[in-house]
Amino acid sequence: MANINRILGTFILILGIISSFPNLAFSGTKKEVIYFKNTDYEVHVFILEGKEPGHTVLIVGGLHGDESGGFLAAEAFTKVDIKKGKLIIIPRANLPAIQLRRRYVNVDMNRRFFLEGSFADSDLYEDKVVAIIKKYIKQSDVVLNLHCGSGFYRPRYINHLENPLRWGQSIIADDDKIYFEDGKKVNLRAIAERVITYLNSVVKDPKYYYHFNNTRTRYPDSIHPEQRVSLSFYSLYGARAIAFGLETSKELPLDYYKAYYHICAIKRFLDLFGIVYTGDPKPLFHPPHLKYLLCSIDGHLTCIRNKDTVGVPYGARFKVEKVIARFGYPSVVDIPDVKGLNDRGKEVIIDSPKRVFVRKDGKVYASINVVPLPKFKEDIGLIIKVNGQKRRVAIGETISITPKDHLYLCDVFGLKEEVKVNLLGFAPPGRHNRGEDRGVLIHPEKAHFIRRYAMFEQGYTVYPINITNEKYLLGTVFLRIRSIR
Ligand SMILES: [Zn+2]
């Protein structure tokens, strides 16, 4: 198991330094913090900080699971590079509700931000997540709470879809002005109206114009007393952060606009609060592409590709350790018969064939099959030569070499049947690639590797060597090559 932890520990998203910056000295830092890892309600927090100090803006999306515009817009800003100020982004606050495409699961998360008390010990996952969000609200100067509301907010009643009780296409504040203890007055209406002026120049069609929506939450005659336990109200009165609710309309003709108008609004807010960044935030509508499912089988790591069928010893302990995918955040794993919305990290005994599905935002985008094999020998692996020195490497283990070394895959051990040994991403010189890499001298410095097959660690590139028989993937040996830069 130590081996697994070592490998997993190093498969970190390299968020630290962004290579698109020509001059690294001016680039900001990015950090991803994961709470409640491998649970249904995992929370990913992205912290982007510029070199130059400035305001801290918190963006929260996905409090409500059926409001995709909010989480797609928030996610878009995780890709920018901050030069001045700090962005804290929680794109998908309510992951279970997003998987189910429902507003909420147990309780409405945007009605759990009580001014007093923390509910981190609550039995409800919603309260545990709220406790985390509150922690970040306290670190922020400005909080933007992203939603997609029904109809269109209008200051006066027009019809059942356009009236003061609807939310769509509005920038919301709990009051016109807020007075902070230090005597500082912030004119929330004036800030919102500057954002709205810009938004309406983008929107163009008066039907979708934005309006300022002052919910007057704390006043006895407010028509929105339910907002007294909302994220925005807590931010303003419980944490003394400037807070706005941002709503696009569920009635917009395309999902694209539900995210796009949010992005325009956030951009304007960031300008007004002096956050400087580069990059053009765009909503990610691409379906994810699964590179590998990194699974552990009886404690051995195996690299499985989309649609692969992996053969495992009958009764093996199987677990998905990590989803490695392009556009894959936040992927969840679903193994039917296993309880819960996210089965990543859960151990399953393979005594019958199983399918494993990978989903993002409720949609399946990849799957693999796991099949128990009664006569599977556990002690299998590769016989290799590194610079002429013979070694045995069991499945799940790693071969570490430098670009100057010579690697030769001699044979397999523990298997009598016909198998193929395929170093993924390696294009053998001068001949047709038939997926068999035994008998070829591999000299990384000169060899041609296709990088999309690689997994990256800091300073290293890792390629899987998969052993397959006619029907099944039987196991992986990992080749770790020090990167050439
Ligand atoms: Zn909402």
Only one residue in F71, F46, F77 is closer than 19 Å to A243 by Cβ and either more than 16 Å from the ligand (Cβ to nearest atom) or not hydrophobic (A, V, I, L, M, F, W, C) (or both), so which one is that? F77
Restricting to segment 342-360, what's the tally of residues that are over 17 Å from A316 (Cα atoms) and buried (at least 20 other Cβ atoms within 10 Å of the Cβ)? 4
Could you tell me how many of the residues in segment 353-379 are outside any strand (DSSP E or B), at pLDDT below 90 and not acidic (D, E)? 4
Looking at (1) closer than 30 Å to I368 by Cβ; (2) surrounded by 19 or more Cβ atoms within 10 Å (Cβ to Cβ), which is the only condition H289 fails? (2)
Odd one out for R101 among (1) on the phi < 0 side of the Ramachandran plot; (2) within 16 Å of the ligand (Cβ to nearest atom); (3) in contact (Cβ under 8 Å) with a residue 24 or more places away in the chain: (1)
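Say we look at segment 148-173 and pick out the residues that are among the polar types (S, T, N, Q) and free of Cβ contacts under 8 Å to residues at least 24 places away in the same chain; which of these is nearest to N200 (Cα to Cα)?
Applying the first criterion (among the polar types (S, T, N, Q)) to segment 148-173 yields 150, 159, 163, 169-170.
With the extra rule that they be free of Cβ contacts under 8 Å to residues at least 24 places away in the same chain, the set shrinks to 159, 163.
Working: N159: 21, N163: 18 Å.
Among residues in segment 148-173 that are among the polar types (S, T, N, Q) and free of Cβ contacts under 8 Å to residues at least 24 places away in the same chain, the one nearest to N200 (Cα to Cα) is N163.
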Of (1) closer than 26 Å to A325 by Cβ; (2) within 16 Å of the ligand (Cβ to nearest atom); (3) polar (S, T, N, Q), T278 fails just (2)
Segment 387-428, residues that are at negative phi and either over 38 Å from the mean Cα position of the chain (by Cα) or aromatic (F, W, Y) (or both): Q389, K390, R391, Y408, C410, D411, F413, L415, K416, E417, E418, F426
Residues G85, G62: which one is more than 16 Å from the ligand (Cβ to nearest atom), on the phi > 0 side of the Ramachandran plot, buried (at least 21 other Cβ atoms within 10 Å of the Cβ) and not charged (D, E, K, R)? G85
Checking A93 against (1) touching a Lys or Arg at 6+ places or on another chain (Cβ under 7 Å); (2) within 18 Å of Y234 (Cβ to Cβ); (3) within 16 Å of the ligand (Cβ to nearest atom), which single condition isn't satisfied? (1)
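For segment 107-187, list the strands (runs of 3 or more DSSP E) that sit wholly inside it and hold at least 1 residues that are within 16 Å of the ligand (Cβ to nearest atom); which are they?
Per the criteria, 142-149, 170-173.
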Taking the stated definitions as given, is F478 outside any strand (DSSP E or B) and under 23 Å from V356 (Cβ atoms)? no
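Any chance you could count how many residues in segment 388-431 are in a strand (DSSP E or B), in contact (Cβ under 8 Å) with a residue 40 or more places away in the chain and either loosely packed, with under 14 Cβ neighbours inside 10 Å or of a type outside the set (D, E, K, R) (or both)? Before you say what the answer is, go through the steps one by one.
Keep residues of segment 388-431 that are in a strand (DSSP E or B), which gives 389-394, 398-401, 407-413, 420-423, 426-427.
Then drop every residue that is not in contact (Cβ under 8 Å) with a residue 40 or more places away in the chain, which leaves 393-394, 398-401, 407, 409, 412, 420-423.
So of that shortlist, the ones also either loosely packed, with under 14 Cβ neighbours inside 10 Å or of a type outside the set (D, E, K, R) (or both) come out as 393-394, 398-401, 407, 409, 412, 421-423.
The total comes to 12.
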Going by what's in this entry, would I158 be described as assigned by TED's automatic domain parsing to the domain that holds E247, among the aliphatic types (A, V, I, L, M) and more than 20 Å from the chain's Cα centre (by Cα)? yes
Exactly one of I34, I18 is outside any helix (DSSP H, G or I), closer than 30 Å to L479 by Cβ and modelled with pLDDT of 95 or more, and that residue is I34
Conditions first: (1) surrounded by fewer than 23 Cβ atoms within 10 Å (Cβ to Cβ); (2) modelled with pLDDT of 95 or more; (3) part of a helix (DSSP H, G or I). K207 passes all but one, so which condition is the exception? (2)
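The values are calculated or read from the model by the stated rules, or taken from the named source; none is laboratory data. Model, not experiment: these values are computed from the prediction. Please note: Cβ atoms are built from the backbone with ideal geometry, for glycine as well, and neighbour counts cover all protein chains shown.
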